[in-house]
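Here is the structure we will look at.
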Amino acid sequence: MSQSIVDFIAGLQPLYTCQHADGRECALSLLDGSLILPVDETHSAEPEGWVAVYWQGDSRRHSEVPGAQLASVAVWRHVELHGAGRDADERLALRDQLARRFERETGLSLQHAAAGLPA
């Protein structure tokens with residue numbers, strides 16, 4: 001699950017791209033250089049979709065965060081970038097399309113408030 005979240009975020013180009021690090025497929029923020037890595041959840045009773053973030057790519061400064069939360073913010077920024085010059089309905093359609101794709105690819109839902117979704 002964690003890898004599918006990272007793959008989804010890496011596909012939100014041009015804000016993110018795919019990067020290989022520590023023998024894994026990761027997402028690299030092209031805004032600040034933060035690296036998003038999948039978390040090994042094989043020892044968990046039920047995977048929850050956590051991801052690790054190396055802030056500005058520095059492995060000494062890292063956090064583990066819920067992947068759906070990070071993806072929600074990434075979608076919001078993606079829609080902001082690609083929605084420039086579009087009307088509100090077009091931006092809503094893009095956001096909804098990405099929310100459905102995220103759910104299909106990960107089995108999780110975006111967090112409404114972080115992605116600007118209605119509750």
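The values are calculated or read from the model by the stated rules, or taken from the named source; none is laboratory data. As the structure is a computational prediction, the values presented were derived from the model and not from experiment. Cβ atoms come from the backbone with ideal geometry, glycine included; neighbour counts cover every protein chain shown.
Within the range 4-14, being surrounded by 19 or more Cβ atoms within 10 Å (Cβ to Cβ) and part of a loop (DSSP other than H, G, I, E, B) holds for one residue alone: Leu12. Filtering the range 82-91 to residues that are assigned to a helix (DSSP H, G or I) and at pLDDT below 90 leaves only Ala88.
Please find, within the range 25-50, the residue that is farthest from Gln13 (Cα to Cα) out of those that are part of a strand (DSSP E or B) and touching a Ser or Thr at 6+ places or on another chain (Cβ under 9 Å). Among those residues, the one meeting the criterion is Trp50. When the range 22-58 is filtered for residues that are surrounded by fewer than 15 Cβ atoms within 10 Å (Cβ to Cβ) and of a type in the set (A, V, I, L, M), the ones remaining, listed by number, are Leu30, Leu31, Ala45.
A Cβ distance below 7 Å, combined with a sequence gap of six or more or placement on separate chains, defines the contacts here; from the range 84-110, residues that are touching a residue at least 24 places away in the same chain (Cβ under 8 Å) and more than 14 Å from Asp7 (Cβ to Cβ) reach residues that are surrounded by 13 or more Cβ atoms within 10 Å (Cβ to Cβ) and of a type in the set (Asp, Glu) in the pairs Ser109/Glu103.
Given the options Ala74, Ala27, name the one that is in contact with a Phe, Trp or Tyr (Cβ under 6 Å, 6 or more places away or on another chain), in contact (Cβ under 8 Å) with a residue 12 or more places away in the chain and of a type outside the set (Lys, Arg).
Within the list Ala74, Ala27, the selection yields Ala27.
Candidates Val53, Val65, Val79: the one that is assigned to a helix (DSSP H, G or I) and either under 19 Å from Gln111 (Cβ atoms) or touching a residue at least 40 places away in the same chain (Cβ under 8 Å) (or both) is Val79.
Under the condition of being closer than 15 Å to Gly11 by Cα, of a type in the set (A, V, I, L, M, F, W, C), surrounded by 13 or more Cβ atoms within 10 Å (Cβ to Cβ) and over 14 Å from the mean Cα position of the chain (by Cα), the residues counted in the range 59-103 number 1. Residues that are aromatic (Phe, Trp, Tyr) and out of contact with any Pro (no Cβ under 9 Å at 6 or more places or on another chain) are absent from the range 44-51. When the range 24-55 is examined, which residues are found to be at pLDDT 90 or above and either charged (D, E, K, R) or at positive phi (or both)? Once the filter is applied, which keeps residues that are at pLDDT 90 or above and either charged (D, E, K, R) or at positive phi (or both), the range 24-55 yields Arg24, Glu25, Asp32, Gly33, Gly49.
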